[in-house]
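A.B. asks: Let me give you the structure first, and then I'll get to my questions.
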Amino acid sequence: MAEHRLTPLQIHAFARHLLLEEKSAATIEKYLRNVRAFAGWLDGQEITKERNAAWKAHLVERGYAPAGINAKLSALNSLLEFLGLRDCRVKFLKVQRRLFREAGRELTKAEYQSLLNAAHRLGRDRLGLLVEAIGATGIRVSEVRYLTVEAARQGKAEISLKGKVRVILLPGKLCRKLLRYAEKQKTASGAIFRTKSGREMSRRQIWAEMKRLCKYAGVEPGKVFPHNLRHLFATVFYRACRDIVRLSDLLGHSSIETTRIYLVTSGAEHQRTLERLGLIS
């Protein structure tokens, strides 16, 4: 039986495969990071189902969160399929769906407003508008580039990602703000959120600018990151219309189960719901 050892050339070929599969840049980066971590642990040994299971056990022993371990295993299994080693794939950890989120990570609407106020006080117009745009539409940080002058004029953005195209409607008030900002920056067409050199803002830059805003807004840094604005949008939208199917479409999810994760509330809110039931005399 032929031995299978993981080489840098195979990892490079896997990266090209992910590109051809039209995976997002963030997904490719995450998969390659996890595959390289596996390769480092494997240290030139043959790939076998037993060793793959041992890596999984190693991750558990190191105290990684179950969701994080499953993300690493997803990357590994994808690599194994690419290499034609389906029989070497490993099973995911069984994770019970959480009933509520950690309170320390839940961004409230009041904290969101504090971020906007701080950005405007500091004269950080671009950052304030960016936070507002993500919060008001629920788009992914990788989809910010689709907020263009043309989209603001039409009142809708056509987003093409992960092999799917979806159209999101932009609130009229947001469109007016986007167009005013674009005019001020002398941006006649294309992406509205750009660096001083005219390039589109990167995920890393957006993340870093949001983190720096925290101390001025009085909001815990652990709550402030682009994806949490998406969670806030999902929570507020669902409370307003109670339509999870519509919300799933807006967020671009292929499964409603993914959308359910976004609607998990904090333990404190769950406790208040139990108190309102009035089942204790």
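A.B. asks: Within region 1-29, which residues are surrounded by fewer than 16 Cβ atoms within 10 Å (Cβ to Cβ), touching a residue at least 60 places away in the same chain (Cβ under 8 Å) and not in a helix (DSSP H, G or I)?
C.D. replies: Result: His4, Glu22, Ser24.
Residue by residue, here is whether (1) among the hydrophobic types (A, V, I, L, M, F, W, C); (2) in the same structural domain as Arg246 (by TED's automatic domain parsing); (3) assigned to a strand (DSSP E or B); (4) exposed (fewer than 15 other Cβ atoms within 10 Å of the Cβ) holds:
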residue	(1), (2), (3), (4)
Gly128	no, yes, no, no
Gly135	no, yes, no, no
Arg145	no, yes, no, no
Ala151	yes, yes, no, no
Ser160	no, yes, yes, yes
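A.B. asks: Within region 152-184, which residues are under 24 Å from Ala26 (Cα atoms) and in contact with a strand residue (DSSP E or B) (Cβ under 7 Å, 6 or more places away or on another chain)? If you could, list the steps in order and put the result at the bottom.
C.D. replies: Going residue by residue through region 152-184, those that are under 24 Å from Ala26 (Cα atoms) are 157-168.
The answer is Ala157, Glu158, Ile159, Val165, Arg166, Val167, Ile168.
A.B. asks: Just one of Leu32, Leu80, Leu59, Leu73 is part of a helix (DSSP H, G or I), within 27 Å of Ile261 (Cβ to Cβ) and touching a Cys at 6+ places or on another chain (Cβ under 8 Å); which is it? Steps first, please.
C.D. replies: Working: Leu32 fails: touching a Cys at 6+ places or on another chain (Cβ under 8 Å); Leu59 fails: touching a Cys at 6+ places or on another chain (Cβ under 8 Å); Leu73 fails: touching a Cys at 6+ places or on another chain (Cβ under 8 Å).
Checking each option against the conditions leaves just Leu80.
A.B. asks: Which residue, of Ser189, Ser248, Ser197, is in the same structural domain as Thr137 (by TED's automatic domain parsing) and under 17 Å from the mean Cα position of the chain (by Cα)? Walk me through how you get there before you give the answer.
C.D. replies: Working: Ser189 fails: under 17 Å from the mean Cα position of the chain (by Cα); Ser197 fails: under 17 Å from the mean Cα position of the chain (by Cα).
Only one candidate qualifies: Ser248.
A.B. asks: Hey, another quick one. Keeping to region 174-215, report how many residues are aliphatic (A, V, I, L, M), in a helix (DSSP H, G or I) and either in contact with a helix residue (DSSP H, G or I) (Cβ under 6 Å, 6 or more places away or on another chain) or under 22 Å from Arg153 (Cα atoms) (or both). Give the steps one after another, and end with the answer.
C.D. replies: In the first step, residues of region 174-215 are kept if they are aliphatic (A, V, I, L, M); the result is 174, 178-179, 182, 188, 191-192, 201, 206, 208, 210, 213.
Those left that are additionally in a helix (DSSP H, G or I): 174, 178-179, 182, 206, 208, 210, 213.
Those left that are additionally either in contact with a helix residue (DSSP H, G or I) (Cβ under 6 Å, 6 or more places away or on another chain) or under 22 Å from Arg153 (Cα atoms) (or both): 174, 178-179, 182, 206, 213.
Going through region 174-215 one residue at a time, the tally reaches 6.
A.B. asks: Can you tell me which of Arg126, Arg101, Arg180, Arg194 is among the basic types (Lys, Arg) and modelled with pLDDT under 90? Spell out how you get there, then give the answer.
C.D. replies: Working: Arg126 fails: modelled with pLDDT under 90; Arg180 fails: modelled with pLDDT under 90; Arg194 fails: modelled with pLDDT under 90.
None of the other options fit; the residue is Arg101.
A.B. asks: Could you check how many residues of region 111-126 are in contact with a helix residue (DSSP H, G or I) (Cβ under 7 Å, 6 or more places away or on another chain), more than 20 Å from Asn228 (Cβ to Cβ) and either aliphatic (A, V, I, L, M) or in a loop (DSSP other than H, G, I, E, B) (or both)?
C.D. replies: 1
A.B. asks: While we're on this one: Could you grab me the full set of residues in region 230-262 that are closer than 19 Å to Leu169 by Cβ, in contact (Cβ under 8 Å) with a residue 40 or more places away in the chain and part of a helix (DSSP H, G or I)?
C.D. replies: Arg230, Leu232, Phe233, Ala234, Val236, Phe237, Asp249, Leu250, Leu251
The values are calculated or read from the model by the stated rules, or taken from the named source; none is laboratory data. Keep in mind that this is a model prediction, so the values were computed, not measured. Note that we place each Cβ from the backbone using ideal geometry, even for glycine, and neighbour counts take in every protein chain shown.
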